[in-house]
Every structure is written in structure tokens, then in C-alpha cells.
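The values are calculated or read from the model by the stated rules, or taken from the named source; none is laboratory data. Everything numeric here is computed off the predicted structure, so don't read it as measured data. As a convention, Cβ positions derive from the backbone with ideal geometry for all residues, glycine included, and neighbour counts pool all protein chains shown. For the accessible areas, the whole protein counts, side chains as well, though only heavy atoms, and no ligand, DNA or RNA atoms are used. Shrake-Rupley method; radii C 1.70, N 1.55, O 1.52, S 1.80 Å.
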Amino acid sequence: MATAREPEEDEEEEVKLIKTWSSPYALRAVWALKLKGIPYESIDEDLTHKSDILLHHNPVHKKVPVLLHHGRSICESLVIIEYIEETWSQNPPRLLPQDPLQRAETRFWAKFVDDKALPAIWQAFSKEGKEQEQGLSETAEHLRLLEAELKKKKKRLFFGGEEIGIVDIALGWMVNLVPLFERILGVKILDEEHHPALLKWRQRMSDVDVVKENWPPRDKLVAKWTAIRERCVGKAAANE
Amino acid sequence: MADEVILLDKWVSPFGMRVRIALAEKGIKYEYRDEDLRNKGELLLKMNPVHKKIPVLIHNGKPVCESNIIVQYVDEVWHDKAPLLPSDPYLRAQARFWADFVDKKIYDTGRKLWTTKGDEQKSATEEFIGYLKTLEAELGDKPYYGGEKMNYVDVTMIPFYSWFHTYEASGNFSIESHCPKLMAWAKRCMQHESVSKTLPEPEKNYEFVLQMKKRLGIE
């Protein structure tokens, strides 16, 4: 394990974020930094030609996002968010509750998003036929659970309570990518009948300034995800 | 008021072992319940309705699920004894990163070793050894991932030591020959009562897996 190296004099509070323009994981780190009002420098990557900086600072996974603070790297988006929360604990909003039991529940749902919700929706998006159906039905089940979780507390505006928390940040991709996937796939994933609370939550998230102001450019996203879908479908056709 | 701590678990689960080790390190008294996973009990289904899996820690009637989350919870509630996570945020982030690495890579790839054959098994074996080597490199010359003492990462990874024999027998390879330092680390951890009393005998693990393979129709 790395030891707590003393920062060099000129590094000070320097915060940098290695990201890409479209990564929903990197966007989580952007939101966390901006919500807490932490200035940072963006280092934008082209993942088809990974930079030395990225490979040096994330040799294990070689992925974005990577947070650099005092020249030291922190990797994995949810780990980064907890680091931001602990390092700048005096900056609102609180991204995780203080009570240990509530923290555990919060971490549970953030993990659920990454371990279950994302892989299922990726399966629905990247596959066809029975595999896609399975992805869609698993996604439906996950959304049912998230809807129920959101409805548990009456005055709950976000998963984090009255303000955005780590679960909202983790689930933020649902706000802009789900409508995009629905359009590309020609299926409905979120609907008023089954997901009234999630749809209200989505609107509230869209209205948060930090979220509103930091979406990747829509046209570029549409083009990128359409191309991904075509490649996935094309690959399947080529393998038959 | 005395704490009531119940652990719903399965003796062979490396995830459950993490929690047992953490509780033992902190000297927390609890009631252990070995669950029948083929016939899941009402309490398990009620306390973990989302995943229906063990381990589940029930503390004064409230459930905590997912092993790494439980270990962090135990560390936060019973923070005065045997701290598992460092207090420095950067070191905490490193610990969480490596625990996440173990979670993402070791169990699933390890499982492929005893559920697949031929080329698939060969490539899973290579992948698995690669991950162990990465972990070994991270350990370096330290006695434990936590430095002089076991920490969150040690607790997350050491349960898989009881599965090493199963992996080796299935994939027909020797972990010691590839990762001698990691094996030395594992034996060091085993000198702790919290670990040696928790981990089952490797042979028992292997027997369990062979029975499970028979049942699942895997050769």
C-alpha cells in the first residue's frame, strides 16, 4: 500500500481529473467536485490512445476517471467520491450520511447500481434476441427496486434525502442515457405507470445546476452510442 | 443495552469469512447462523430481499448486506478496537480500491477455474494468476496490506486462501510457484486466531465444491 507521501511544495491543493468527454463514470467525479465547489484541472483522454499519465496513474485498470490530488492518484469512481467526501468534508452537500447504518444502506445502493443496474442495461443495449430480453427484464426488476427504495421516505427528493448524494450521482446516467437508449433501441425503459417516483427524480436531477451544466454534448453522444449499438449488432451478425 | 449481533452466513463463503474475521478482530460477540442456501429461510429473505444472499449482519434487528459494506460498518461502529481502515483519506481510498479489486477479480475468475474446462479453464487460470501477481506486487515487502497490522484489504483477501487448494486442484497449477510472497503473506495472516479459527480446512472446501459440481452437473 502507498504510504502517505508528503506533498511537494508546488503541488499544494492541486486537483486534476483524468476523464473522457463521454464517460458516465468520469461525470460522477465531475459532479462531486463541482457540487463541493472544488476547482480542478481536466485532463481529457482519448481511450484509443491512452496517455502515459493515465497508464502511470491507473496501471491496474487503465481506465477513467482518475483523480489526482497532491500528485497522488485515486481510481474507481465510487472510491473517488468517498475520497472527495472525506477530504472536503466541510463543503456541502454531504454525499454520504454520517450514521453508520444509513451509510451502509447508501453504499449498498451505490454498489447495486454498479454491480446490477449497469451490467443489465448494458446487456439490453449491446445484445439482441433472448440475451437482450434478459437484459431488459433484469433492468425492469432493478428499476422496480429503485422505485420502491425512492418511495420509502415521503419527503425524499433524492436518494440522498433533501440533497443529492452518492447514490444519485451513481445513478445519474439514467437521466440522459436512458432516453437515448430508448430511442436507439426503440423500447420503453422508464414509464409513468411503473416509475412515477424515478421520473420525478430524473426531472429534479436534470434541474440541478451542476448536472445541467455538465452534460456531454448531446449530438456527439447520440452519434457515439448509435455507433456502439451498430458495432455490437454487426459483431453478432458477423459471428453467426 | 447490550448489542444483539446475528450473522447469517455459510461456512464456505469467502464473503462471510471476511465478516467473521472482522468481528473476531474486534472481539464482538455474535450469534452465527449457517444458512441452507438451497432452501433459504424467512429471516434471510426478509433481511436481504434484494439479493437474498449471505452474509447478512443483523445488528439490533437492522440488516447490513454485502460483505465489504458490512466490514466497513463493523469498523465504523466498533471503531475503538483493531481499526481496519486507516484514518487518512488517501490511504482509505487505496484500501477501498484494493478491496474493490479483490471483489471484482478474484471470486469470479476463481469460480471459472472449477466450473470450466479446456481452453476456457486455461485462459481463466492465466487471468487468475495475473490478478494474484498484481496483488502480490501491491503487497511488496510489507508484512500485511495494512503495513505492520492486518487491515481491510487483508481481511477482504485472506478468505480466498482457504479456496487456493480448490483453485490449484481444478486448474492444475501451483499458486506458491507463481506467487511465493503472497503465500507467505497468507500464512502470516493464518497466525492470527481471527483468521485461523474462521477459515475452513482447504480439503473441506474442495469436497464441498466437488459435491456442488456433481449437483450442478459440471464435470
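Just a few scattered comments:
- Distance histogram for segment B:1-88 (every C-alpha pair counted, 10 angstrom bins, percent rounded to whole numbers): 17, 54, 24, 4, 0
- Listed by chain and number, the aspartates and glutamates placed with their C-alpha closer than 19 angstrom to that of residue A:62 are A:44, A:45, A:46, A:52, A:76, A:114, B:100, B:103, B:127, B:136, B:138; residues fewer than eight positions away on the same chain are left out.
- Pairs from A:188/B:53; A:111/B:105; A:152/B:81; A:153/B:29; B:40/B:213; B:105/B:142 whose Cα-Cα separation, in the structure shown, is over 24 Å: A:188/B:53; A:152/B:81; A:153/B:29
- Debye intensity ratio I(q)/I(0), log10, segment A:2-121, q values 0.11, 0.12, 0.21, 0.23 Å⁻¹ (C-alpha model): -0.40, -0.47, -1.32, -1.44
- Mean accessible surface per residue for segment B:1-77, computed with a 1.4 Å probe while every protein chain stays in place, in Å²: 44
- Per residue convex hull volume, Cα atoms of segment A:85-184, in Å³: 110
- Across the options B:210, B:153, B:56, the greatest Cα extent toward the positive end of the charge dipole of the protein assembly as shown (unit charges at beta carbon of Lys, Arg, Asp, Glu) belongs to B:210.
- Dimensions of segment A:149-201 based on its C-alpha atoms, expressed as ranges along the principal axes with the largest first, amount to 34, 23, 13 Å.
- From the largest down, segment A:67-121 spans 36, 27, 16 angstrom on the principal axes of its Cα atoms.
- Here segment A:16-59 has 56 percent of its accessible surface on carbon and sulfur atoms, given a 1.4 Å probe and all protein chains in place.
- Summed over both chains, the accessible area lost when A and B associate is about 2700 Å², using a 1.4 Å probe.
- Building the convex hull from the alpha-carbon atoms of segment B:113-176 and averaging its projection over directions returns 4.4 nm².
- Rg over Rh, two decimals, segment B:93-219 (C-alpha only, Kirkwood Rh): 0.97
- Ellipsoid equivalent to the protein assembly as shown - semi-axes via the Cα gyration tensor, in Å: 34, 27, 25
- Cα Rg, Dmax (largest Cα-Cα span) when computed across chain A, Å: 18.7, 60
- Kirkwood Rh in Å, taken over all unlike Cα pairs in chain B: 18.0
- Computed with a 1.4 Å probe over protein heavy atoms only, the accessible area of residue B:30 comes to about 80 Å².
- Comparing A:18, A:228, A:121 in a Gaussian network model of chain A (Cα springs below 10 Å), the most mobile by mean-square fluctuation is A:228.
- Overall Cα dimensions of segment B:99-139 - principal axes, largest extent first, Å: 31, 16, 10
- The residues of chain A have, on average, 51 Å² of accessible surface per residue, using a 1.4 Å probe with all protein chains present.
- The trypsin sites (Lys or Arg not before Pro) of segment A:122-193 that DSSP puts in a loop, and whose beta carbon has at most 16 other beta carbons within 10 Å, are A:152, A:153, A:154, A:155, A:156, A:188.
- Within a Gaussian network of chain B (alpha carbon springs, distance under 10 Å), most fluctuating of B:130, B:118, B:16: B:118
- Segment A:153-240: radius of gyration and largest Cα-Cα distance (Dmax), Å: 15.8, 52
- Gaussian network model of chain A, springs between alpha carbon atoms under 10 Å - residue of A:196, A:97, A:217 with greatest fluctuation: A:217
- Since only A:32, B:166, A:100 are under comparison, the one whose Cα sits farthest along the positive direction of the charge dipole of the protein assembly as shown, derived from C-beta charges on Lys, Arg, Asp and Glu, is B:166.
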